[in-house]
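Chemist: Below is the structure I would like to discuss, written out as structure tokens.
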Amino acid sequence: MQASHAGNLGVSNVKEDSASKRPGKVRATLYLPPDLLDEARNATVFLAGYPLRLTLTRLVEQALRVEIERLKQAHNRGDDFPPRSEELKGGRPIAA
């Protein structure tokens with residue numbers, strides 16, 4: 001994954017391919033521990049062929065969906081989280 005120094009926290013719109021019927025996607029830049037990214041890349045390469053045809057994007061998307069659902073169940077009675085009123089702020093999280 002490439003680092004981005006954009007002022008929008010590394011999220012940019014990626015135009016939908018007109019030949020494709022897939023929903024549009026956005027690019028997100030984030031930082032991961034090197035060993036986690038390496039393991040994810042290894043799994044993706046190993047499972048890239050038939051029948052899974054796994055991609056790193058698909059692996060991350062599925063993992064995020066599972067974790068968000070778990071967080072909803074654990075912290076919001078299974079309901080969707082309310083829409084945010086502002087964009088995420090960069091930097092270290094504030095200690096609770």
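Chemist: Please compute the length gained on full extension between R92 and K72, using 0.36 nm multiplied by the number of residues separating them and subtracting their Cα-Cα distance.
Modeler: The R92-K72 span can extend by a further 4.8 nm.
Chemist: Can you give the local net charge around L32? Use residues other than it whose beta-carbon is closer than 13 angstrom to its beta-carbon, Lys and Arg +1, Asp and Glu -1.
Modeler: Around L32, the surrounding residues sum to -2.
Chemist: Rounded to the nearest 0.05, what FRET efficiency do L37 and R65 give with R0 = 25 Å and r taken as the Cβ-Cβ distance? Could you check?
Modeler: 0.85
Chemist: Hey, fewest Cβ within 10 Å first, where do I68, I94 land in order?
Modeler: I94, I68
Chemist: Further question: List Y50, Y31 from most exposed to least, where exposure is judged by having the fewest other Cβ atoms within 10 Å.
Modeler: Sorted ascending by nearby Cβ count, the order is Y50, Y31.
Chemist: Where does each of T29, T55 land when they are ranked from fewest to most other beta-carbon atoms within 10 angstrom?
Modeler: With the fewest neighbours first, T29, T55 line up as T55, T29.
Just so you know, all these numbers are worked out from the coordinates, no wet-lab data involved. Please read all numbers here as calculations on a predicted model, not as lab measurements. In this analysis, Cβ positions are derived from the backbone assuming ideal geometry, glycine residues included, and neighbour counts consider all displayed protein chains.
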